[in-house]
Amino acid sequence: MSLIGLDVGTTGCKVVAFTEEGDELARAYREYPLQHPKPGWSELSADTIWQNTQDVLQSVGAVLGNDPPVALSVSCQGEGVTPIDRNGKTLNDIVVTFDERTVPQFEWWQSRLGRKRIFQVTGMPLHPMHTINKIMWFRENRPDIFEAAHKFLCVEDFVLFRLSGELATDYSLAARTMAFDVREREWSDEILSAAQVDRSLLPDVRPSGVVVGRIRSDVARMLSLPVDMQIATGGHDQPCGALGAGIVAGGLAMNATGTSDVICPALPEPVLTDTMLNNNYSCYPHVYPDLYCSIGFNLTGGLLMRWYRDVLCAGEVLEAKKRGCDPYDIIVDTASKHKARPLFLPHFVGSGTPTLDPMSRGGLFNLTIDVDKSELNRAVLDSTNYAMRLNIEMMEESGITIERLRAVGGGAKSSKWLQLKADVFGKPVESLAVSEAAALGAALLAGKAIGTYSNFSEAVNSIVHVQRTFTPRKGETNEYEEHYQDYKRLYPAVRDLNHRFSRRMCHE
């Protein structure tokens with residue numbers, strides 16, 4: 001018997017099948033493209049996501065003959081939304097996290113309820129990315145779609161619906177909409193009333209790790225999966241990843257390098273202080289029972305790596321094809337052994353925390369004629385690490401203790417990159433036996449939903465294994481200090497110019 005964790009991200013979907021003990025049995029992955037129908041707009045094809053989800057499930061299901069899957073749960077990107085009609089047909093593609101069309105709605109909230117009230121209710125610092133802004137945009141700009149919509153579904157909700165026919169979401173993902181009361185753990189009537197969005201347009205809310213139904217019989221037959229396989233609520237990918245990394249106690253934080261680069265600590269209770277708000281740190285339910293979490297993030301983390309690969313690394317891509325390896329491995333391996341002189345400002349889709357500025361833009365600074373490709377490779381790695389160090393510092397100033405970090409995602413596969421992280425952060429960074437923590441977290445929730453684990457806490461601690469600890473090298477950490485301070489000066493130095501560029505693009 002096996003458990004399936006399905007991780008549906010912004011750039012691709014992955015399914016991993018695990019034993020009850022957390023050993024990997026099989027995996028499959030499909031990448032899909034972002035669409036940009038207008039400048040500043042970012043969407044994903046809902047049909048493509050569903051097709052790729054079916055493909056990876058069918059691929060993995062085909063090799064699980066001796067270990068048939070008994071339950072599945074979903075880890076997914078936050079904030080993205082798609083409307084469906086009463087027949088379940090999508091009325092628009094998925095508007096993703098960093099789509100910029102919702103700036104007017106964001107500005108309306110500032111004058112209507114204000115940042116502090118919104119944060120106290122929802123645990124979310126006000127930002128255009130949150131789902132409620134996207135739903136309001138449809139009401140104001142596409143009334144034909146809004147009036148035809150039966151439900152507005154986030155990505156987890158959409159996949160659960162296609163798999164089981166049930167309309168449900170979980171606490172952690174509901175919170176990312178900025179329409180959820182994080183203390184009451186219910187949709188907020190105050191927020192929905194102000195937004196003029198009826199509660200009936202949203203799915204039912206349930207805890208993570210509860211069964212919503214069985215897989216639809218037609219889907220099971222088409223994908224050669226057991227007709228009695230249970231489908232369970234999962235969660236937002238960051239707390240799912242934190243669960244899969246064993247981040248279920250204070251002092252530990254996950255560092256996930258995916259589409260975004262993220263720091264996610266566990267919190268024993270809600271932290272809704274002014275300092276948290278001023279640093280733009282959210283506070284919302286963890287997928288682990290009775291815990292909360294926060295996230296510090298650089299929206300352009302993995303996206304910057306993908307952009308760099310596609311635009312500036314044609315040679316590395318060709319070499320990777322010859323060797324049969326990942327182009328990112330070559331980029332990391334050929335990065336300069338010393339810190340790079342150039343610095344990226346990794347704000348290609350706006351900044352993440354602590355500034356959370358949707359109008360910021362990316363840049364590359366301190367170029368000279370003798371800068372070579374190895375320095376550029378290193379600059380990409382260093383700059384994303386600096387963005388995470390800034391978040392660690394600001395989280396600690398906000399009262400969150402971070403003693404060590406556990407690395408997951410693509411970046412966790414490179415020992416060189418993990419050592420660089422430890423050196424820049426000045427804190428131990430641990431790699432795990434299973435780097436696909438979000439998928440493992442979802443699989444653990446699937447097992448919890450069907451009663452596989454009598455003691456969920458013991459199960460998590462016994463399944464998650466630290467493989468190696470990368471300790472900061474004091475000399476290297478000190479060497480980074482001046483460069484890191486230069487990085488911190490970049491955003492305020494170019495903020496006004498970047499805002500001017502952003503406003504100009506919005507009016508073109």
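Dipole of the chain computed with +1 at Lys/Arg Cβ and -1 at Asp/Glu Cβ about the Cα centre; of 457, 272, 19, farthest Cα towards the positive end is 272. Length gained on full extension, residue 373 to residue 311, computed as 0.36 nm times the residue gap minus the Cα-Cα distance: 21.0 nm. Which residue, chosen from 263, 480, 122, occupies the Cα position most advanced towards the positive end of the dipole of the chain, where the dipole is computed from +1 (Lys, Arg) and -1 (Asp, Glu) charges on Cβ about the Cα centre? Comparing the listed Cα positions along the dipole, 480 ranks first. A crude spin-label estimate for the pair residue 141 and residue 36, with each label 7 Å from Cα along the Cβ direction, gives 1.6 nm. Between residue 62 and residue 107, the contour length at 0.36 nm per residue exceeds the Cα-Cα span by 11.2 nm.
Magnitude of the Cβ-charge dipole of the chain, K/R +1 and D/E -1, about the Cα centre, nearest 20 debye?
Here the size comes out at about 720 debye.
Rounded to 0.05, the FRET efficiency of the residue 87 and residue 341 pair, given R0 = 56 Å and the Cβ-Cβ distance, is 0.45. Please find the FRET efficiency linking residue 183 to residue 48, where r is the Cβ-Cβ separation and R0 is fixed at 45 Å, and quote it to the nearest 0.05. So the FRET efficiency works out to roughly 0.75.
In this structure, the residue pairs whose Cα-Cα separation is over 26 Å, taken from 373/416; 38/339; 373/427; 14/448, are 38/339; 373/427. Label-to-label distance for residue 271 and residue 489 is 3.0 nm, based on points extended 7 Å past Cα in the beta-carbon direction.
For the pair the range 267-332 / the range 161-202, the C-alpha centres are spaced 25 Å from each other. Averaging the Cα positions of each part gives two centres, and for the range 225-262 and the range 44-112 these lie 16 Å apart.
Using 0.36 nm per residue and subtracting the Cα-Cα separation, the extra length available between residue 364 and residue 325 on full extension is 11.3 nm. Once whole DSSP H runs in the chain are found, which of them have Cα atoms spread over 24 Å or more along the helix axis and a mean Kyte-Doolittle score of at least -1.0? Taking the DSSP H segments of the chain (at least 24 Å long, mean hydropathy at least -1.0), we get 373-397. The mean sequence separation of alpha-carbon pairs under 8 Å and at least six residues apart, normalised by the residue count of the range 2-244, gives a relative contact order of 21 percent. Remark: 205, 212 ranked as 205, 212, counting other beta-carbon atoms within 10 Å and listing the fewest first.
Bridging of residue 89 to lysines at a Cα separation below 21 Å is possible for 134, 151, once same-chain residues fewer than 8 apart are set aside. Would you please give the FRET efficiency between residue 198 and residue 55, computed as 1/(1 + (r/R0)^6) with r the Cβ-Cβ distance and R0 = 45 Å, to the nearest 0.05? Computed FRET efficiency for residue 198 and residue 55 comes out at 0.80.
Computed per residue of the chain from DSSP H runs no shorter than four, each worth -39500 (n - 2.57), the mean residue ellipticity at 222 nm is -13000 deg cm²/dmol.
Just so you know, all these numbers are worked out from the coordinates, no wet-lab data involved. This structure is a prediction, so every number in the text was calculated from the model and none was measured. Positions of Cβ are backbone-derived with ideal geometry, glycine not excepted, and every protein chain shown enters the neighbour counts.
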